[in-house]
Amino acid sequence: MSERSSEFWRWREYRHTQPNMDWNQAKIVTAGIDIGSVGSKAAIILDGQLYAYSVMRTGGVSEETAFKVMNWALEGTGLKTENLHQVVGTGYGRVNIPFANKTITEIACHARGAHYIYGPSVRTVLDIGGQDCKAIRCDNKGKVMSFLMNDKCAAGTGRGLEVFSDLIRIPIEEVGKVSLNVTEEPPPVSNTCVIFAKAESVALLRQGWPKEKVAAAYHLAMVDRIIDLLTKVGIEKDFVITGGVAKNIGIATRLETNLGIKPLEPELDPILAGAIGAALFANALYEKQLGLR
Amino acid sequence: MQAHYGYKDGSGDYFIIIDTDNCDGCGKCVKACPYEVLELVDNEFDIEGGSMATVTEQHRKKIKYSCAPCKPVSGERKLPCVLACETKAITHSW
Amino acid sequence: MITAGVDVGAKYVKIVILEDGKNVLARANGIVEFDVWKSANDVFEKALLNVGLKREQVGQVVATGMGRKIVHMKPPIDAKEIVPEVIADAKGTYYLIPTVKTVIDVGAEEGRGIKVSENGGVRDFVINERCAAGAGTFIETMARALEVGVENMGPLALKSMNAIPMNAQCCVFAESEVVSLIHSKVSKEDIAKAIHDAIAGRIASMVLRIGVEKDVALIGGVARNPGFLPPLKKELNTEILIPEYPECVGALGAALFASEMEGQK
Ligand code: SF4
Ligand code: SF4
């Protein structure tokens, strides 16, 4: 189980350049680098507009990954590191980016990037990753008003789902869909703790509950918990969900129903939010240096 | 900004909430805390910077235990960090 | 006068049969299976068999523990009274160690700290519950990750002299941490010690919330684990007494209550 865990929500490595943009015309060229525990991303923006980006796995040495992901984003654009006016680093490995001019927390970058990706109406951002859960409320500029991050407890994270999917032997990619296969929602599993919820699920299965129903009960408990966390930062429309667990429709659908808010759909992969946010902070930093703000 | 440091687990909610708009970075809470739970850091939430109080990485995942001696089950509850903060920027969720 | 105390815990049912409110005639315990009620009855049956008694020969029965309601007013156990764990714990420990002021009870799913009053009542208490990282389940889960029998965890920990910090504060994340410690060639002894240090640290911090006053006693199933006592002693900086049959103290407390009830009839 633990072998698989770090690669749990599969995603591919890729890069992209926006075709009809020319960096020679841009006044400000900046980059953001997000070194996460699993994936690293780089984004380049021209005068505040996304131009090129890359996504790859984080290697053993953060410094190396930082150079690699940056160079990959630059690849084929003709841009060189020297052309970048400012670079901001974020993510857990942000202190290990030698060429970053400044570091900003992933919370602030994630909010700023979500604001760019989903548009300025975004107020609440929920990010559920493999090992943590973040709830952020921001203003119309993408500035963080309130946030919390829970990385102590596995309940309500991808990891908690993984333990459950192992238990009922349904692949993690399908467990959400399976959980929706009930005519009526059962009461949620009463334990929050993954270890105890697992034992409770075993008891339910032994009582003769079908897998689907147990899955529904487990997903519902997760959703209750996530909503509880969201309430702490305050839930405001519009609402978006990012991170691996957003792909689990058993969670996404129930969040939508129970909150009564439909999350916005992204046009860009939200995995880029942190890097884009960092690049936008870099842009602001350069404007400030120029005396433009 | 309301910065919530801590966690929710099966047993309950444990968050130290720092209102960064009120926190002036004076560091009095850091001095008052007997268990080195708090520290002053650069404000990395914006390009403006400045200093602000935060819960150390080391304690974030166990503040229920780190703060336990300050929170007797019975008797008067006086949290040194909260009392030390003149701008009332610190609250606890439990 | 024969009475009984039944402690229906998360993992085990413990039963004490008492004569005249002082002589323990029998102790029995057994795992809680899927059907909790049946498990409790089986253990009760076992205890009766041990001393050659029939149910009719036992007077009052008092139940405690997480599953106490399941045997309340329900034959054959038919406990007429139920008491919370902390009350039964205090009563039982005070009976065995009259000088006790602080009781620490670490079971499978809960850790408790109890401040005992002059006459064996409860003055104050604190409970760690509903998070597996705060009780015996933590050691059990880690034993599985280490591929070591849970009964070997304590002895293994005692062989280590090193202090390796464990960062994860969650049973699930700690499992991965243990796996990666194994991969980085840290010895099983050191890992076992780290696990005990971690849980002892959490229990100690919890107990600090009620204050630690001597004498301090440790009861519950985890008291049987020799690896748990040294780090707990160190954290609390005090001597700690462990009564015989520490896992049965709650049941004993319940049986003592049953005797008092019988006496008042
Ligand atoms: S409640 Fe369970 S899942 Fe959460 S931190 Fe505790 S042990 Fe981990
Ligand atoms: S409650 Fe006590 S230990 Fe916790 S942060 Fe405040 S002063 Fe420090």
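The values are calculated or read from the model by the stated rules, or taken from the named source; none is laboratory data. These numbers come from a predicted model, not from an experiment. Note: ideal-geometry Cβ built from the backbone for every residue, glycine included; neighbour counts use all protein chains shown.
Observations on the model:
- Condition check for B:Cys70: within 12 Å of ligand 2 (Cβ to nearest atom), in contact (Cβ under 8 Å) with a residue 12 or more places away in the chain, surrounded by 18 or more Cβ atoms within 10 Å (Cβ to Cβ) and within 10 Å of the chain's Cα centre (by Cα): no
For (1) touching a Gly at 6+ places or on another chain (Cβ under 6 Å); (2) in a helix (DSSP H, G or I); (3) within 28 Å of A:Ile195 (Cα to Cα), each residue gets a yes or a no:
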residue	(1), (2), (3)
C:Ile17	no, no, no
C:Gly30	no, no, yes
C:Ala40	no, yes, yes
C:Gly59	no, no, no
C:Ala63	no, no, yes
C:Lys69	no, yes, yes
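- As a summary of the residue check, A:Leu285 satisfies the conditions (1) within 19 Å of the chain's Cα centre (by Cα); (2) under 30 Å from A:Tyr14 (Cβ atoms) except for the one numbered (1).
- Single residue of region B:1-44 satisfying the filter (charged (D, E, K, R) and at the interface with chain A (Cβ under 8 Å from one of its Cβ atoms)) that is surrounded by the most Cβ atoms within 10 Å (Cβ to Cβ): B:Asp9
- Single match in B:Asp46, B:Asp9 (criterion: at pLDDT 95 or above and among the acidic types (Asp, Glu)): B:Asp9
- Output for region A:26-39, where each listed residue is over 16 Å from A:Ile117 (Cβ atoms) and at pLDDT 95 or above: A:Ala26, A:Lys27, A:Ile28, A:Val29, A:Thr30, A:Ala31, A:Ile33, A:Ile35
- Only listed residue being out of contact with any strand residue (DSSP E or B) (no Cβ under 9 Å at 6 or more places or on another chain), part of a helix (DSSP H, G or I) and either away from chain A (no Cβ under 14 Å) or under 25 Å from A:Asp151 (Cα atoms) (or both), chosen from C:Pro230, C:Pro226: C:Pro230
- Lone unmet requirement of (1) surrounded by 23 or more Cβ atoms within 10 Å (Cβ to Cβ); (2) more than 15 Å from the chain's Cα centre (by Cα) for A:His110: (2)
- Selected residue (criterion: nearest to ligand 2 (Cβ to nearest atom)) from residues of region A:150-200 that are more than 28 Å from A:Val233 (Cα to Cα) and among the acidic types (Asp, Glu): A:Glu200
- If you go through region C:177-202 and keep only what is within 14 Å of ligand 1 (Cβ to nearest atom) and either touching a residue at least 12 places away in the same chain (Cβ under 8 Å) or within 16 Å of C:Thr137 (Cα to Cα) (or both), you end up with C:Val178, C:Ile195, C:Ala198, C:Ile199, C:Arg202.
- Given (1) buried (at least 20 other Cβ atoms within 10 Å of the Cβ); (2) more than 19 Å from A:Leu167 (Cα to Cα); (3) hydroxyl-bearing (Ser, Thr, Tyr), number of the condition A:Tyr218 does not satisfy: (2)
- Just one of the numbered conditions (1) within 26 Å of A:Arg137 (Cα to Cα); (2) crowded, with 21+ Cβ neighbours inside 10 Å; (3) among the aromatic types (Phe, Trp, Tyr) is not true of A:Tyr51: (1).
- Qualifying residues in region C:151-185 (those that are touching a helix residue (DSSP H, G or I) at 6+ places or on another chain (Cβ under 7 Å) and among the polar types (S, T, N, Q)) - the one farthest from the other protein chains (Cβ to nearest Cβ): C:Ser160
- Only helices (runs of 4 or more DSSP H) whose full extent lies in region C:84-163 are considered here, and the ones with at least 3 residues that are of a type in the set (Val, Ile, Thr) and either surrounded by 22 or more Cβ atoms within 10 Å (Cβ to Cβ) or within 16 Å of ligand 1 (Cβ to nearest atom) (or both) are C:136-146.
- Selection within region A:265-278 - touching a Phe, Trp or Tyr at 6+ places or on another chain (Cβ under 9 Å) and either within 14 Å of chain B (Cβ to nearest Cβ) or at pLDDT 95 or above (or both): A:Leu272, A:Ala273, A:Ala275, A:Ile276, A:Gly277
For (1) within 29 Å of A:Ala199 (Cα to Cα); (2) in contact with a strand residue (DSSP E or B) (Cβ under 7 Å, 6 or more places away or on another chain), each residue gets a yes or a no:
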site	(1), (2)
C:Asp89	yes, yes
C:Tyr95	no, no
C:Val103	yes, yes
C:Gly107	yes, no
C:Glu110	yes, yes
C:Ile114	yes, yes
C:Asp124	no, yes
C:Arg130	yes, no
C:Ala133	yes, no
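- Counted residues, region C:1-18 - those being closer than 12 Å to C:Leu256 by Cβ and not aliphatic (A, V, I, L, M): 2
Rundown of residues vs (1) hydroxyl-bearing (Ser, Thr, Tyr); (2) buried (at least 23 other Cβ atoms within 10 Å of the Cβ); (3) at pLDDT below 95; (4) over 30 Å from A:Leu205 (Cβ atoms), yes/no style:
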site: C:Thr3; (1), (2), (3), (4): yes, yes, no, yes
site: C:Asp7; (1), (2), (3), (4): no, yes, no, no
site: C:Lys38; (1), (2), (3), (4): no, no, no, no
site: C:Leu49; (1), (2), (3), (4): no, no, no, yes
site: C:Gln57; (1), (2), (3), (4): no, no, no, yes
site: C:Val61; (1), (2), (3), (4): no, yes, no, yes
site: C:Arg68; (1), (2), (3), (4): no, yes, no, no
site: C:Glu81; (1), (2), (3), (4): no, no, no, yes
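- Qualifying residues in region A:279-293 (those that are in a helix (DSSP H, G or I) and of a type outside the set (A, V, I, L, M, F, W, C)) - the one nearest to the other protein chains (Cβ to nearest Cβ): A:Lys288
- The lone exception for B:Lys62 - which of (1) within 12 Å of the chain's Cα centre (by Cα); (2) closer than 21 Å to C:Ala204 by Cα it fails: (1)
- Qualifying positions in region A:78-92 - more than 16 Å from A:Ala279 (Cα to Cα) and among the small types (Gly, Ala, Ser): A:Gly78
- Criterion (within 14 Å of chain A (Cβ to nearest Cβ) and within 30 Å of B:Val73 (Cα to Cα)) met by exactly one of C:Ala200, C:Ala143, C:Ala133: C:Ala133
- Residue within region A:201-211 that is within 14 Å of chain B (Cβ to nearest Cβ), in contact (Cβ under 8 Å) with a residue 24 or more places away in the chain and more than 25 Å from C:Glu129 (Cβ to Cβ) present: no
- Test: residue in region A:212-220 that is over 22 Å from A:Thr253 (Cα atoms) and either of a type in the set (Gly, Ala, Ser) or in contact with a His (Cβ under 8 Å, 6 or more places away or on another chain) (or both): no
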